[in-house]
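Here's the structure, in structure tokens; my notes come after.
The values are calculated or read from the model by the stated rules, or taken from the named source; none is laboratory data. Keep in mind that what you see is a predicted model, and the values were worked out from it rather than measured. Cβ atoms come from the backbone with ideal geometry, glycine included; neighbour counts cover every protein chain shown.
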Amino acid sequence: MANLEPKLLERINNWLSPTFDEATQKTIKKLLDSNPKELEESFYRDLEFGTGGMRGIMGPGTNRINKYTLGKNTQGLSNYLHKIFPNEAIKVAIAYDCRHNSKSLAKLVAEVFSANGIKVFLFEDLRPTPELSFAVKHLDCHCGIVLTASHNPPEYNGYKVYWQDGGQLVPPQDAEIIEEINTVDYTNIKFNANTELIQYVGKDVDDVFINASVNNGSFNTSQQAKDNLNIVFTALHGTSITMLPDTLKRAGYKNVHIVEEQAKPDGDFPTVKSPNPEEPEALKMALELADKVNGDIVIGTDPDSDRVG
């Protein structure tokens, strides 16, 4: 047994109880023998839920993104929704990005909401964050969740929360939700899904979202101007590839050159050091393509497509 502080060891031993699944316990026991420093990092604190949500490295432990930390947050959020919307049929929308485990974690979050009697609209495949924001209002939801860690490294994932207006949490909701989450014990998490309350959505929302984007963002641009604009686009291995090319096409932009090496969603982001379009290095391949095709503008987005460079 590793030489760990008693309080830390108590936190770790709690996760070796029947509340936590066999795979989680097995990983923790292995770390106890092989990497106590990593285990200390995983348990020395609780991963914080802040304004907008939470993000962190994936793995077992209270300071990691996993089914239990996300389950606890979702249980607390479920309790809060029931508290402030009494006697209402509560609805949430859930989307996820290209990161490792995003799809399975999104399904888990949907299951916890449904176990709490909450209707869930779960996107059938990865979608950009702006579409989730749109879906919250379009589907008349009380809140929305995106499983993403934005432009963080591949080992990260996270949980962004959006409110009824489609925007991220703001005071006082953030502090009130944190307070509610802090009252939840891991034994209180409801994992027993009510599948009748989970509805998959996809193209039905896509079409409305694209049309709304085109109608609200056209600015009366002439077709001649659109025809003369030479666009280079890179998704940086993220979710915008699912929406942006079709949106540009529907808006009348014909000259769109996609960086094919970065078009396929990939949670390892293999062609960049960081999938942050605000960093010049991330747009290197797009700029090279722009030189080849005499591009007028380069557009790049981060993995969940809420950041543009």
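The set of residues in the stretch 14-42 that are in contact with a Ser or Thr (Cβ under 7 Å, 6 or more places away or on another chain) and surrounded by 16 or more Cβ atoms within 10 Å (Cβ to Cβ) contains only W15.
Taking first residues from the stretch 104-129 that are over 26 Å from T301 (Cα atoms) and partners that are crowded, with 19+ Cβ neighbours inside 10 Å and charged (D, E, K, R), the Cβ contacts under 6 Å between residues at least 6 apart in sequence or on separate chains come to L108/K67; K119/K91. Pairs are defined by a Cβ separation below 9 Å, a sequence spacing of at least 6 or placement on different chains, a first member in the stretch 270-297 that is without any contact (Cβ under 8 Å) to a residue 24 or more places away in the chain, and a second member that is surrounded by 19 or more Cβ atoms within 10 Å (Cβ to Cβ) and part of a helix (DSSP H, G or I); the pairs so defined are K273/A282. Only one entry of G71, G56, G76, G50 meets the criterion of being of a type outside the set (F, W, Y), farther than 22 Å from I198 by Cβ and crowded, with 17+ Cβ neighbours inside 10 Å, and that entry is G56.
Can you go through R11, R45 and tell me which one is outside the structural domain of P172 (by TED's automatic domain parsing), crowded, with 18+ Cβ neighbours inside 10 Å and among the charged types (D, E, K, R)?
Just one listed residue meets the conditions, R11.
The residues listed here are N87, N73, N63; of these, the one that is under 22 Å from E180 (Cβ atoms), polar (S, T, N, Q), in a loop (DSSP other than H, G, I, E, B) and touching a strand residue (DSSP E or B) at 6+ places or on another chain (Cβ under 7 Å) is N63. Among the residues in the stretch 259-275, are any in contact with a strand residue (DSSP E or B) (Cβ under 6 Å, 6 or more places away or on another chain), among the polar types (S, T, N, Q), under 29 Å from I57 (Cα atoms) and surrounded by 15 or more Cβ atoms within 10 Å (Cβ to Cβ)? Yes, because at least one residue in the stretch 259-275 is in contact with a strand residue (DSSP E or B) (Cβ under 6 Å, 6 or more places away or on another chain), among the polar types (S, T, N, Q), under 29 Å from I57 (Cα atoms) and surrounded by 15 or more Cβ atoms within 10 Å (Cβ to Cβ). Scanning the stretch 293-309 for residues that are acidic (D, E) and over 23 Å from N228 (Cβ atoms), we see that the one that is modelled with the lowest pLDDT is D306. Inspect the stretch 248-262 for any residue being among the aromatic types (F, W, Y) and touching a residue at least 40 places away in the same chain (Cβ under 8 Å) and give the result as yes or no. No, that holds for no residue. A2 meets all of the listed conditions (1) more than 30 Å from D266 (Cβ to Cβ); (2) at pLDDT 95 or above; (3) among the small types (G, A, S) but one, namely (2).
Per-residue answers, yes or no, for (1) in a strand (DSSP E or B); (2) out of contact with any helix residue (DSSP H, G or I) (no Cβ under 6 Å at 6 or more places or on another chain):
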site: S213; (1), (2): no, no
site: A225; (1), (2): no, yes
site: H237; (1), (2): no, no
site: T247; (1), (2): no, no
site: Y253; (1), (2): no, no
site: H257; (1), (2): yes, no
site: N276; (1), (2): no, no
site: V298; (1), (2): yes, no
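Looking across P270, P245, one residue alone is under 21 Å from I210 (Cα atoms) and within 24 Å of the chain's Cα centre (by Cα). It is P245. Tell me, please, whether a residue that is buried (at least 16 other Cβ atoms within 10 Å of the Cβ) and under 21 Å from the mean Cα position of the chain (by Cα) can be found in the stretch 220-234. Within the stretch 220-234, one or more residues are buried (at least 16 other Cβ atoms within 10 Å of the Cβ) and under 21 Å from the mean Cα position of the chain (by Cα).
Take L244 and tell me if it is surrounded by 20 or more Cβ atoms within 10 Å (Cβ to Cβ), among the aliphatic types (A, V, I, L, M), touching a residue at least 40 places away in the same chain (Cβ under 8 Å) and on the phi < 0 side of the Ramachandran plot.
In short, yes.
Tell me, please, whether a residue that is under 25 Å from the mean Cα position of the chain (by Cα) and not in a helix (DSSP H, G or I) can be found in the stretch 28-40. So far as the stretch 28-40 goes, no, none of its residues is under 25 Å from the mean Cα position of the chain (by Cα) and not in a helix (DSSP H, G or I).
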